[in-house]
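The values are calculated or read from the model by the stated rules, or taken from the named source; none is laboratory data. None of these values were measured; they are calculated from a predicted model. So basically every Cβ, Gly included, is an ideal-geometry build from the backbone, and we count neighbours across all protein chains shown.
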């Protein structure tokens, strides 16, 4: 076997997304929290609420405008990610942060401005997420992260992530508001479910791919309720922290983690 063939074969096993490590999950949770606070900073603080006492279902143009702004950034990041020939940790996490912010504003637009509520929004987005995973599997034969090595798999990957990030925002609001558990209750619910996924990972032989996507989806509503807890008014159970300062602190924390924590592309065992 010649050297060029070995190099090509080895490259085929390297994904353009990071390996799943503890560092990955730390950055992911920070990114989802930033997405919630950053999305709110644009749609609520910068573009402004409609009225101080506006209902959750009232039309608020900021949600649509914010969605369009973040959608442009996200699409540009995805295109850059797909055109890249190898894993780039800064580009990857930029795309993830963009997906969390557009997920926040898109979920708020669907839940509130379109008037379908948190229950309707969560149900619709769950169906879209499952549909994306099904189409991905039917097209490529796998939805494993280590298979994301070509443009077709990447498009499915980022489409699935978009639905999961948007679902997470709606699901977090549904638990905290519709179910009346509040932000603290939401943190306990989603944090507990993530612990359960971790237990299943270490003690059972349940599909690692299924557990990954379960954890990936659950980190988003956890980040959503943590973000809401940090920036929502005291009267609503939050800490009323400044959204701009909170976003900046989270961004600095994410950058520090990217620098300090190991970042390597996922590889398929062979």
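Descriptive notes on the structure:
- Qualifying residue in region 96-109 (condition: assigned to a loop (DSSP other than H, G, I, E, B), at pLDDT 85 or above and closer than 23 Å to residue 167 by Cα): no
- Remark: pairs (first residue in region 120-140, closer than 10 Å to residue 160 by Cβ; second residue outside any helix (DSSP H, G or I); Cβ separation under 7 Å; 6+ apart in sequence or on different chains) = 133/143; 136/143.
Residues checked against (1) surrounded by fewer than 24 Cβ atoms within 10 Å (Cβ to Cβ); (2) over 28 Å from residue 137 (Cβ atoms):
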site: 168; (1), (2): no, no
site: 181; (1), (2): yes, yes
site: 185; (1), (2): yes, yes
site: 190; (1), (2): no, no
site: 196; (1), (2): yes, no
site: 201; (1), (2): yes, no
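- Any chance residue 262 is more than 26 Å from residue 157 (Cα to Cα), exposed (fewer than 13 other Cβ atoms within 10 Å of the Cβ) and over 19 Å from the mean Cα position of the chain (by Cα): no
- Residue count for region 130-157, restricted to those that are within 21 Å of residue 81 (Cα to Cα) and within 19 Å of the chain's Cα centre (by Cα): 13
- Here residue 206 clears all of (1) surrounded by fewer than 19 Cβ atoms within 10 Å (Cβ to Cβ); (2) in contact with a helix residue (DSSP H, G or I) (Cβ under 8 Å, 6 or more places away or on another chain); (3) assigned to a helix (DSSP H, G or I) except the condition numbered (3).
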